[in-house]
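The values are calculated or read from the model by the stated rules, or taken from the named source; none is laboratory data. As the structure is a prediction and not an experimental result, all values here were calculated from the model. Please note: Cβ atoms are built from the backbone with ideal geometry, for glycine as well, and neighbour counts cover all protein chains shown.
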Amino acid sequence: MARPGDSKTDSSTRTSNDLGGPRMTIRRYQRSDLDAVSRVCLLTAAAGGDATGAFVDDELMPEIWARPYLAIEPEWAWVVAGDDGAVSGYILAAPDTRGFVERYRAEWLPRLSARYTRAEPALTPDDRMRELGFTPERMLVPEVDEYPAHLHIDLLPHLQGRGLGRQLIDTLEHALGDAGVPGLHLSLDPANTGALAFYRRLGFGELESSTVDEPLLGKKLPL
Ligand SMILES: CC(C)(COP(=O)(O)OP(=O)(O)OC[C@H]1O[C@@H](n2cnc3c(N)ncnc32)[C@H](O)[C@@H]1OP(=O)(O)O)[C@@H](O)C(=O)NCCC(=O)NCCS
């Protein structure tokens, strides 16, 4: 598969100040962004709001929802940075969810298992969240072959509503299209009604296996 950036029309860096406020740049993820991305993840992980203190360990959310992507697919991550260099948003993706699940199991699970104990049965909210981290096969949704890529996108509150989310999705879609990926999908917390409205506005539709409790959205990409 082509990597993002192989194309001559790569659109990985853009700036946005059309709605006022500080000028922000969308650029590729660099290793030095790891802590900032982890922080944004924690601050947006409770249905779009701050998840600080929601679990026994504040590292749990980034360990499941952000760092595996940065470790396994760093070339498929972009961040939003201010002129001072501060990173306040990102989009992370796995272009091939099946391949990602295999690598997650082989490369990420050993790290997660060294850090966290698996509770069987998973009774508490902490147990259940950890269980998601221990079961990457949950990502193999029935529509995965039609919509092979999946994504996570998060912006801190001061960057929301300025068109940056749309630009991040656009950046990812262009890179996926260049790499010949036919579709992308995502799941989200049903309580996150703002994100649901955002994705719908950007042309994502509910997939067949979507349920009220576990919404699953997808979008085909022009090839
Ligand atoms: C969801 C999120 C990524 C959207 O990014 P954003 O930069 O705020 O959205 P944009 O400003 O790019 O909006 C793009 C379009 O979606 C619409 N939209 C965005 N949020 C909306 C909302 N809450 N309700 C209705 N429409 C919304 C905008 O009106 C805009 O439409 P337009 O371009 O036709 O005018 C961002 O708000 C965010 O990170 N929220 C917190 C974390 C989160 O929920 N992440 C998603 C987890 S699944």
Next item on the list: For the stretch 198-213, name all the residues that are of a type outside the set (S, T, N, Q) and either near the ligand (Cβ under 8 Å from one of its atoms) or without any contact (Cβ under 8 Å) to a residue 40 or more places away in the chain (or both).
Entry: 198, 199, 200, 201, 202, 203, 204, 205, 206, 212, 213
Notebook entry, point to check: Before we move on, is residue 92 in contact with a Phe, Trp or Tyr (Cβ under 6 Å, 6 or more places away or on another chain), within 16 Å of the ligand (Cβ to nearest atom) and under 25 Å from residue 213 (Cα atoms)?
Noted result: yes
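Determine whether residue 101 is in contact (Cβ under 8 Å) with a residue 12 or more places away in the chain, farther than 18 Å from residue 48 by Cβ and among the β-branched types (Val, Ile, Thr).
Numbers: in contact (Cβ under 8 Å) with a residue 12 or more places away in the chain: yes; farther than 18 Å from residue 48 by Cβ: yes; among the β-branched types (Val, Ile, Thr): yes.
Yes: the conditions hold for residue 101.
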Next item on the list: Using the structure shown, decide if residue 141 is in a loop (DSSP other than H, G, I, E, B), within 16 Å of the ligand (Cβ to nearest atom) and either of a type outside the set (Gly, Ala, Ser) or touching a residue at least 24 places away in the same chain (Cβ under 8 Å) (or both).
Entry: yes
Checklist line | Selected residue [crowded, with 19+ Cβ neighbours inside 10 Å and farther than 16 Å from residue 45 by Cα] from 174, 185 | finding: 185
Item checked: Test result for residue 195, touching a residue at least 40 places away in the same chain (Cβ under 8 Å), small (Gly, Ala, Ser) and surrounded by fewer than 19 Cβ atoms within 10 Å (Cβ to Cβ) -> no
Next item on the list: Name the residue, out of 119, 106, 114, 179, that is among the hydrophobic types (A, V, I, L, M, F, W, C), modelled with pLDDT under 95, away from the ligand (no atom under 16 Å from the Cβ) and surrounded by fewer than 21 Cβ atoms within 10 Å (Cβ to Cβ).
Entry: 119
Notebook entry, point to check: Exactly one of (1) of a type in the set (Ser, Thr, Tyr); (2) assigned to a helix (DSSP H, G or I); (3) under 19 Å from residue 154 (Cα atoms) is unmet by residue 90. Its number?
Noted result: (2)
Note to self: Condition check: loosely packed, with under 14 Cβ neighbours inside 10 Å, touching a Phe, Trp or Tyr at 6+ places or on another chain (Cβ under 9 Å) and of a type outside the set (A, V, I, L, M, F, W, C). Does residue 125 satisfy that?
What the structure shows: yes
Margin query: Need pairs with beta-carbon distance below 8 Å; first residue free of Cβ contacts under 8 Å to residues at least 12 places away in the same chain and over 17 Å from residue 127 (Cβ atoms) and within the stretch 42-58, second more than 14 Å from the ligand (Cβ to nearest atom) and not aliphatic (A, V, I, L, M); sequence gap 6+ or separate chains.
Written below: 52/58
Margin query: With the structure loaded, tell me whether residue 147 is hydroxyl-bearing (Ser, Thr, Tyr), more than 16 Å from the ligand (Cβ to nearest atom) and buried (at least 16 other Cβ atoms within 10 Å of the Cβ) or whether it fails that test.
Written below: no
